[in-house]
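The values are calculated or read from the model by the stated rules, or taken from the named source; none is laboratory data. As the structure is a prediction and not an experimental result, all values here were calculated from the model. When the accessible area is computed, the model is the full protein with side chains, heavy atoms only, and any ligands, DNA or RNA have been set aside. Shrake-Rupley method; radii C 1.70, N 1.55, O 1.52, S 1.80 Å.
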Amino acid sequence: MLGTHGPQEPHEAREARDTDGADGTDSADGADSADGTDASYVVEEEWTHRADVAYRADGAAGTLVLAGTPIGDVTDAPPRLAAELETADVIAAEDTRRLRRLTQALGVRTRGRVVSYFEGNESARTPELVEALAGGARVLLVTDAGMPSVSDPGYRLVAAAVERDIRVTAVPGPSAVLTALALSGLPVDRFCFEGFLPRKAGERLGRLREVAGERRTLVYFEAPHRLDDTLAAMAEVFGAGRRAAVCRELTKTYEEVRRGGLGDLAAWAAKGVRGEITVVVEGAPAPVPGDVDAAELVRRVREREEAGEPRKEAIVAVAAGAGVPKREVFDAVVAAKNAARGVAKNVAKNVAPTAGGTGGNGKGPS
């Protein structure tokens, strides 16, 4: 993910990769290496904050700094990032190996403790970092690419620091979400970020149905090997003609932005796509009141129910997509159900029992 060019690790690799610290080991030993590793860069995987360590003479609490890192081209790193890396008392990194490569590329010598902070140890390490902050430390949080907390570790630490009334600030940096939005050619005045969709097909469809009527532009991250399935699911739920943009390898040598309808994009992705992916999807069109009659509302609810969606959720989604109150859809469904029940009763009355040779009126032949 970091580095100027060349093959990059996809977003979803964060979910399963062997991150430094996951097994309690690390290759950094504090000595100069053949690859030019800074001797000052030492990862402390067994680090535990010592309550007797005072980072500030006045005893005041420290500061948590969330720093944005390059999403591809290392020269996009904000100037303040280098200064924070050099002066931080503690650096918490999603992947310490990637941090080392970044510091080398920036020509930075770190003086503070370097510890891993990733999905696997986030819950356990957060209290230690908060105690360091309470003791006056300036803690710098960096992830592999982009801004901490945005589909990356950070939320727990920020929430815990806020709870302790510890100052939290940021070094703004590159963002795949905003970059993709700007390049998509789709409306950007209102948008919402949905992160990664569930891996399982049923859960993925359910999540998409929740936002089927969303009129803001939607932004997703996706793994390249799941992109074709995701785009096909989007075409099914949103409509094959809904406009979208697939942004691949942003800021890197092979950057590509593919625009078109979801159906066409799904067919393109089926041939295989590589690299880091951000998908931007046009919001649902504003419905015109009166365009959808009761029968159509019922048909849409039944269609969703047949696909496995609970009736309550189906009614909410259909109402949002049609731009009508939920009560209107509910009443239409109930009316249709009652009408069908009435038809069934009438049919039952006119059907002659087969036993006893009686006719349709329940009496024997005259």
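Residues in region 72-83 carry Karplus couplings, in order, of x, 8, 5, 6, 7, 4, x, x, 5, 4, 4, 5 Hz; the curve used is 6.51 cos²θ - 1.76 cosθ + 1.60 with θ = phi - 60°, and Gly or Pro positions show x.
Under 5 Å between amide hydrogens, built in the peptide plane, is the criterion, and for GLY283 it picks out THR217, LEU218 among residues at least 5 positions away or on other chains. Karplus-based coupling profile of region 112-121, in residue order and whole Hz: x, 5, 10, 10, 7, 8, 9, 3, x, 10, with θ = phi - 60° in 6.51 cos²θ - 1.76 cosθ + 1.60 and x standing for Gly or Pro. The phi-based Karplus calculation (6.51 cos²θ - 1.76 cosθ + 1.60; θ = phi - 60°) puts the 3J(HN,Hα) values of region 251-267 at 6, 9, 4, 9, 4, 8, 10, 9, 10, x, x, 4, x, 5, 5, 5, 5 Hz, whole numbers, x for Gly and Pro. Annotation: amide H of ARG138 within the under-5 Å range of THR63, ASP89, VAL90, sequence separation 5 or more or interchain, hydrogens built in the peptide plane. Each 5 Å bin from zero up to the one holding the largest Cα-Cα distance in region 137-197 carries the following percent of pairs: 3, 14, 22, 21, 16, 12, 7, 3, 1.
Accessible area ranking (1.4 Å probe, heavy atoms, ligands and nucleic acids excluded), largest first, for LYS337, LYS271, LYS252: LYS271, LYS337, LYS252. One decimal place: the segment ALA201-TYR254 gains 16.1 nm when fully extended, by the rule 0.36 nm per residue minus the C-alpha distance.
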